[in-house]
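Take a look at the structure below.
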Amino acid sequence: MSVSLTQSALKVLERRYLVKDSNGQVVETPKEMFERVAGYIASADKNYGNSDSEVEAIEASFYDMMSKLEFMPNSPTLMNAGRPLGQLSACFVLPIDDSIASIFESLKAAALIHKSGGGTGFDFSHLRPRNSRVRSTDGVSSGPISFMKVYNAATQEIKQGGKRRGANMGILRVDHPEIMEFITAKDDNKEITNFNISIAITDEFMKALEEKGEYELRDPRDGKVTQKLEAEEVFNLIVKQAWKNGEPGLVFIDKINKDNPTPNIGRIESTNPCGEQPLLPYESCNLGSINLSKMVKEENGEMAVDWERLRVITHRGVHFLDNVIDKNQFPLPEIEKQTKYTRKIGLGVMGWADMLIKLGLGYNSSDAVNLAEEVMSFILNESMVKSQELAESRGVFPAYEGSVWDKRGIKIRNATLTTIAPTGTISIISDCSSGIEPLFALVYTRHVMDNDRLLKVNPEFERALQKRDLYSEKLIADIAAEGSCTHSDDVPKEIKSVFVAAHDVEPEWHIRMQAAFQKFVHNATSKTINFPSTATMDDVRDSYLLSYKLNCKGVTIYRDKSREEQVLNIGDTTSGSGIQQEIPDNMQIVFKPRPRPNVLRGTTTNALTGCGTLYVTINEDEEGNIFEVFMQMGKSGGCAASQLEAIGRLISTSIRAGVDPEAIIKQLKGIRCPSPSWEKGGTRIFSCADAIARVVEDRIREKEVQNKIEGIEEIKIPAVVRGKNVVGVCPDCGNALVHEEGCLKCMGCGYSKC
């Protein structure tokens, strides 16, 4: 059976998933990748007495659902199944106890996990607060935040290799003595960059907040009360920081432990990096997602959920994920032991927004929320049917005795079954919307590292426009600039009500959708609650309280442009040009950079330097003039990355303040370094600065040539969707990073921080 994939999917697979030879050349097709994964995972059935023909049938069923893009396992399984590394899990939780030995044992374990492509979660709440006495050395403790910075630095170094960068979750209980410092630990966006941080919120704290009272902080060593704080004061600081830059998130730790299936063997204290997988220490999870966009069929002339196909794929998904546990090559023996003890799996969904569109339902509607409960309850029930069936032939999970399932008298194979996880890259492979998020945009372009630009129009949106004879290149270009059709006068209301993008959805509907899925998810749900840039801190506060009221297990918010304003904008962003005003003769003129518009168009060019391939992104203003310049050197870090960022900022500031780009080119061109290189065609590149100057110069010359051509009209498709949810620049391809599913990801090349 052939495999039909989009260009974007092929690019992502070639970059991250397909087998390559020693020269970095791809030597595997997507079909062969699915065959490799299906065969390796199906072989686990041999351990349970299945015949060769039965195993072959199971392999065929696994291949069928992956090749049809109906189900996709988490990235490590696609990358490593049937290969020497063999590490198949996406996420892990490691313990940190209050000793130097424990701290650095877990750091070592995290390094091994990151190297193998996994993410790690930690609870730093057991560490004594800063300046506490250390008896063994007669010194004082440096506190949990200092050790989190040590972990961050180690992750920064390890992430230079491999196919996926390491990611961490750092959690601190709200009753830890150092909570106020932890809340502001990421006040500077350049601090602790390899961590998502969350506060473990207790029911005790929420009760104190409701009653406008105090709550107790306790020393983690002996549980003694160290002081009391006003719950309102602490909560307000959390809200302020989240409003400012999206962190910290909240984890409702008591709600999580209420659903802990094995309280007899331990209390859950942390989650994986995106918060959707609460785990005991040394547990790992393996995840997979059903593509709901494929679970729709035409019935009596109308589109309807294909419940029977959803049942089949749910059963196959549970079978597949249970097999993954047996075939996994774990990075540590402790992890293998604990994972096989509880056999937790996380079957989730993606393509939810696509399903709603095919059914003619708006994401922000009661009908959509009701369907979410119906679909997820069906998946959970069928997952339990399959897990109980596996328990009959394979046995219950080893930690079954004394578990919640034991007390209910339900013999089941897996302690947990369902999770809603981020699906950044696998949703690109599957050509569907991410997780349970609304559409990121209706129309946008994707960039890849070889400077290809792949225009992406939602196919259902395109069909809806064509059906009404409304489709035109101009309309698509206009919608591409906005990402949404909400403000378009050329799109009828009946289309607008169905085709909604993330920022068309009020925060309350985001939360209600998350809560609807969470009702039928054993683990937790990864989702970003999107806010417009104009949202107030009270808006964030209200959303947090609603999330708790509706029994979400955690919440992550992101206010549009909150990080962009602090990191990417240079100069005065509140006034106009700064130079178009009357200035007294005796006053020195100070030129300030122009404020950055919401929409910029640009191109990315690669140049070969002696230090590696340099990617130079040039964005233009509405008149086609150069407005800003950004640089990215492949996978560089440290000084190289910071120097390129500095050069880009200085160039951009100068241009936006009115400096002629030709003067900048003159200053940079010809600067030499010890490692010159040659471009194709024999052009010599003396240094990174020289390469930047040449790219800018080439762009200017191209514009001059274009301006001389008359009588040719061109529809210009913006290179980057309007800057909603933008949080930075992709370290791989230089495209915009967006905040979605509680994670940072690139819609161009598939890079994901998690």
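The values are calculated or read from the model by the stated rules, or taken from the named source; none is laboratory data. Note that the structure is a prediction, hence the values are computed from the model and not measured. Please note: Cβ atoms are built from the backbone with ideal geometry, for glycine as well, and neighbour counts cover all protein chains shown. The area values use the complete protein model at the heavy-atom level, side chains included, leaving out ligands, DNA and RNA. Shrake-Rupley method; radii C 1.70, N 1.55, O 1.52, S 1.80 Å.
Apart from one condition, Tyr40 fits all of (1) assigned to a helix (DSSP H, G or I); (2) within 27 Å of the chain's Cα centre (by Cα); the exception is (2). Counting only helices (runs of 4 or more DSSP H) wholly contained in the stretch 324-424, the ones carrying 3 or more residues that are open to solvent by 10 Å² or more (accessible area, probe 1.4 Å) and within 30 Å of Gly82 (Cβ to Cβ) occupy 333-342, 366-394. Screening Asn245 on (1) more than 25 Å from Lys527 (Cβ to Cβ); (2) at pLDDT below 95 shows it passes everything except condition (1).
Residues that are more than 30 Å from Ile113 (Cα to Cα) and acidic (Asp, Glu) are absent from the stretch 327-334 altogether.
For the stretch 594-627, the set of residues classified as over 19 Å from Arg701 (Cα atoms), aliphatic (A, V, I, L, M) and open to solvent by less than 20 Å² (accessible area, probe 1.4 Å) consists of Leu600, Leu614, listed by residue number. Within the stretch 642-653, residues that are buried (at least 17 other Cβ atoms within 10 Å of the Cβ) have Cβ atoms under 6 Å from residues that are at pLDDT 80 or above and not hydrophobic (A, V, I, L, M, F, W, C) in these pairs: Ser652/Glu628, counting only partners at least 6 apart in sequence or on another chain. Being within 12 Å of Ser75 (Cβ to Cβ) and either out of contact with any strand residue (DSSP E or B) (no Cβ under 8 Å at 6 or more places or on another chain) or among the charged types (D, E, K, R) (or both) is the filter here; which residues of the stretch 412-435 pass it? Across the stretch 412-435, the qualifying residue is only Ile428.
Kindly provide the set of residues from the stretch 62-90 that are under 20 Å from Gln277 (Cβ atoms) and either polar (S, T, N, Q) or out of contact with any helix residue (DSSP H, G or I) (no Cβ under 9 Å at 6 or more places or on another chain) (or both), ordered by number. If the condition is that a residue be under 20 Å from Gln277 (Cβ atoms) and either polar (S, T, N, Q) or out of contact with any helix residue (DSSP H, G or I) (no Cβ under 9 Å at 6 or more places or on another chain) (or both), then Asn74, Ser75, Pro76, Thr77, Asn80, Gln87, Ser89 are the ones that fit.
Residue count for the stretch 13-48 satisfying the condition of being more than 20 Å from Ser75 (Cβ to Cβ) and either charged (D, E, K, R) or free of Cβ contacts under 8 Å to residues at least 40 places away in the same chain (or both): 6. For Asn50, the requirement of being closer than 22 Å to Thr314 by Cβ and in a loop (DSSP other than H, G, I, E, B) is met. Beta carbons closer than 8 Å, at least 6 apart along the sequence or on distinct chains, never pair a first residue in the stretch 377-395 that is on the phi > 0 side of the Ramachandran plot with a second that is part of a helix (DSSP H, G or I) and buried (at least 16 other Cβ atoms within 10 Å of the Cβ).
This table checks each residue for (1) under 29 Å from Met180 (Cα atoms); (2) assigned to a helix (DSSP H, G or I); (3) at pLDDT below 95; (4) open to solvent by less than 20 Å² (accessible area, probe 1.4 Å).
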| site | (1), (2), (3), (4) |
| --- | --- |
| Asp98 | yes, no, yes, no |
| Glu105 | yes, yes, no, no |
| Ile113 | no, yes, yes, yes |
| Thr120 | yes, no, no, yes |
| Arg128 | yes, no, yes, no |
| Ser146 | yes, yes, yes, no |
| Thr155 | yes, yes, yes, yes |
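Considered as a group, the residues in the stretch 678-690 that are touching a strand residue (DSSP E or B) at 6+ places or on another chain (Cβ under 6 Å) and either in a loop (DSSP other than H, G, I, E, B) or modelled with pLDDT under 85 (or both) include one that is most open to solvent (accessible area, probe 1.4 Å), and that residue is Trp678. Once the stretch 285-314 is narrowed to residues that are under 19 Å from the mean Cα position of the chain (by Cα) and at pLDDT 95 or above, the residue that is farthest from Phe124 (Cα to Cα) is Asn291. Of the residues Ile201, Ile197, Ile183, only one is within 24 Å of Lys519 (Cβ to Cβ), crowded, with 18+ Cβ neighbours inside 10 Å, at pLDDT 95 or above and under 27 Å from the mean Cα position of the chain (by Cα); which? One residue alone meets the criteria, Ile201. Of the residues that make up the stretch 372-384, is at least one in contact with a helix residue (DSSP H, G or I) (Cβ under 9 Å, 6 or more places away or on another chain) and over 17 Å from Gln518 (Cα atoms)? Among the residues of the stretch 372-384, not one is in contact with a helix residue (DSSP H, G or I) (Cβ under 9 Å, 6 or more places away or on another chain) and over 17 Å from Gln518 (Cα atoms), which makes the answer no.
Looking across the stretch 506-528 at every residue that is at pLDDT 95 or above and among the β-branched types (Val, Ile, Thr), the one that is surrounded by the most Cβ atoms within 10 Å (Cβ to Cβ) is identified as Thr525. Is one or more of the residues making up the stretch 304-314 in contact with a Gly (Cβ under 9 Å, 6 or more places away or on another chain) and hydrophobic (A, V, I, L, M, F, W, C)? Taking every residue of the stretch 304-314 in turn, none turns out to be in contact with a Gly (Cβ under 9 Å, 6 or more places away or on another chain) and hydrophobic (A, V, I, L, M, F, W, C). Name the residues in the stretch 282-323 that are open to solvent by 10 Å² or more (accessible area, probe 1.4 Å), assigned to a strand (DSSP E or B) and β-branched (Val, Ile, Thr), would you? If the condition is that a residue be open to solvent by 10 Å² or more (accessible area, probe 1.4 Å), assigned to a strand (DSSP E or B) and β-branched (Val, Ile, Thr), then Val296, Val305 are the ones that fit.
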